[in-house]
Every structure is written in C-alpha cells, then in structure tokens.
Amino acid sequence: MLLGRCVFLTVLFSSTLTTYLLENTTVCSVCEPGYYDNGTVCSNCTAGSCPVNSSLCSACQQGTFQNSSNTTFCYQCGPGTFQNETSATFCYQCEPGTSQSQSRAAKCDLCGPGTFQNESSATFCYQCGPGTFQNESSATFCYQCEPGTSQSQSRAAKCDLCVPGTFQNESQAVTCLECPPNFYCPSNGVVDPLPCPPNYTCPGGSSLPDEVVTIAPLNPTYASCGELEYQRSDGKCIYNGSFIAIVVCSFLFGVFVMVVVVLVLYKLVYKSNGYVSGYGAYSDKESLLLKTSILKSGSLKRQNPVYAGL
C-alpha cells in the first residue's frame, strides 16, 4: 500500500490515517502533516514552502521563510530583517541607512532626513544631534554644521545661518555668538567679525557701524539757552565763561582808552591855557611867579605880578 494513494482492498483494515470501505472497493488515505499527495506518493514539502492541505504545498510569502523540509509552517522574518520574495529559505538583513522595527517585513525603511544608521539589522534610525544635520535619506552619518551656522535642535535637516549681528567661527555649533564690542557682523553667516572703522562706534551685537556723534563746540550759543549760556551734549545749559571774559576785557579796554584820551586832552589844554587852579588861569610866566610866591609866603592870592627884568 502506498500512503496517500487510493488502493483496491479485499480485507478489512482500519487506521487513524486511512479510511477503508468494508467491501472490495477502492479506498484512499490522507498524507501526514508536512507531506502532500503529488499524485503518486505523499511527498515532503521542500524548503521555502509548507503544506496547505494533503494535496498541496504553498510557497512561503514575502516576509516569511522556511529553511527546512517536512515542516507545517513558514517562519516570520524578525525586526531588522526582511524578505521581498516568495519561497524564501532565509531573510535579508536591513542595510546601513535603513531599519525595520516590525516582523514579517517585505522591506526595510530608509532613514529619513535628520536621521542615520551606520549598522546592519537595525530596528531604528539614530537622530542627528544638536550641531549636526542630514539633508538626505538612507544616510549612514550626519554632517557637522559649518562655521557661520548653528543648530540647537536634534533631527535637523539643515543648519541655520547666523543672523546679522552674530557670528560663529567654529564647526558643530549649537548657537551663534553675539558680535563683540568694537566689531560688527553685517550679513548672514558671518564667520569672523569685522573691526569697527575709524570715527564709528560698534557696540556689542552690531550689524552695522554707527557714525560717531559730533561733539558740540566748546562755546556755542543755542536758541534754547540764554545769551550767556550754551547747551552741552547732555542738554544742560551752562554759562559761557569765555563770552563773559571777552565782555569784561572789552569793558576794561574801553575804560583804559577813555582815560588815555582824557589825559591827552588835559595835557593839550594845560599847555594852551596855562596853569589851572581854583583861583583862575595864569600864563606860563604868571605860573612861574605864582609858584615862587607860594613857596615864600605859603599862600596863593590873585595879584598883578611885576616882572623884573622880564
């Protein structure tokens, strides 16, 4: 008797695997698990397949495999592996740059932008950390942020340019630095701050230099202040010392000129009119005699002088 074949029996026989008629007739048997009826005998299912019923073997589907014969099932591909074909006897490992967290997978998932995976059979992708980025899929590494850029977040697809007023001269930076005093950073992505030019001021964080404020003259006069005052750079009005000194000097000089003029005029009048006193005016000769008389008598009287020998 061939197992799994229909045969003609003339005797009574029973088995758990076969069913027979009691009379002379053809009876059939059922193939054991892991076997199928190939039309002649019960054959075992080959690797990569499993029996569906007693007369049929089925190929293992995508995401499954079977590496042995005479089995009743197909294995599932585990996390980190996949199988995209049928009748497989093994599973593929996920390549670097990909991952698979599920079982029975027909493919692995590419690591997206901002992530990477540098090993095989991975169940997840790593995130690019702060100061790094990855703008492509299926990456096995992350790029460092270049000088002039920064990135404070994880899983970034790009780095951010430093804005005007900031700079960064190192790689893999998580933030941009404020432009220091006496320097300015005029554009995006500045690596080295520019020195402040002469006659300009550059406080910290400057994107452009500021013109130096013109200092007011020492002695200006502003409409908002009094005549003898001037306005300082802080807005206060103070007395103009130089102006006052000029006024005083001008006054004293005028007095001096007037005194000189009076003395000159007095001298001219004295010479032309003779000696002048409270008793009248005398000629030069009279003045001479008068002075002599004063010395002798100690008094001054109006008289008709007598000239002897004069």
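The values are calculated or read from the model by the stated rules, or taken from the named source; none is laboratory data. Predicted, not measured: the structure shown is a model, and the values here were computed from it. Cβ sites come from the backbone with ideal geometry, for glycine too, and all protein chains shown count toward neighbours. Note: areas computed on protein heavy atoms with side chains; ligands, DNA, RNA excluded. Shrake-Rupley method; radii C 1.70, N 1.55, O 1.52, S 1.80 Å.
Taking every residue in segment 159-172 that is within 21 Å of N135 (Cβ to Cβ) and pairing it with any residue that is of a type in the set (G, A, S) and in a loop (DSSP other than H, G, I, E, B), at least 6 positions away or on another chain, the pairs with Cβ-Cβ distances below 6 Å are L161/G189; C162/G148; C162/G189; Q168/G148; Q172/G131.
Each row is one residue, and each column tells you yes or no for (1) assigned to a loop (DSSP other than H, G, I, E, B); (2) at pLDDT below 95; (3) touching a His at 6+ places or on another chain (Cβ under 8 Å); (4) open to solvent by less than 50 Å² (accessible area, probe 1.4 Å).
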residue: S14; (1), (2), (3), (4): yes, yes, no, no
residue: L21; (1), (2), (3), (4): yes, yes, no, no
residue: T26; (1), (2), (3), (4): no, yes, no, no
residue: T46; (1), (2), (3), (4): yes, yes, no, no
residue: S69; (1), (2), (3), (4): yes, yes, no, no
residue: T72; (1), (2), (3), (4): yes, yes, no, no
residue: P79; (1), (2), (3), (4): yes, no, no, no
residue: S87; (1), (2), (3), (4): yes, yes, no, no
residue: S101; (1), (2), (3), (4): yes, no, no, no
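Scanning segment 104-127 for residues that are on the phi > 0 side of the Ramachandran plot and under 32 Å from the mean Cα position of the chain (by Cα) gives a single hit, G114. Selection of segment 148-167 for residues being more than 24 Å from T115 (Cβ to Cβ) and buried (at least 18 other Cβ atoms within 10 Å of the Cβ) yields G148, C162, P164, G165, T166, F167.
When V174 is tested against (1) surrounded by fewer than 21 Cβ atoms within 10 Å (Cβ to Cβ); (2) under 23 Å from G78 (Cα atoms); (3) among the aliphatic types (A, V, I, L, M), only condition (2) is not met.
Within segment 103-128, if we keep just the residues that are touching a Lys or Arg at 6+ places or on another chain (Cβ under 7 Å) and in a strand (DSSP E or B), the residue that is surrounded by the most Cβ atoms within 10 Å (Cβ to Cβ) turns out to be T115. Which ones in segment 137-147 are surrounded by fewer than 18 Cβ atoms within 10 Å (Cβ to Cβ), within 24 Å of the chain's Cα centre (by Cα) and in a loop (DSSP other than H, G, I, E, B)? E146 - this is the single residue of segment 137-147 that is surrounded by fewer than 18 Cβ atoms within 10 Å (Cβ to Cβ), within 24 Å of the chain's Cα centre (by Cα) and in a loop (DSSP other than H, G, I, E, B).
The condition of being more than 29 Å from L208 (Cβ to Cβ) and not basic (K, R) does not hold for Q168.
Looking only at residues of segment 184-209 that are more than 30 Å from F133 (Cα to Cα) and not in a loop (DSSP other than H, G, I, E, B), we find that the one that is nearest to the chain's Cα centre (by Cα) is P195.
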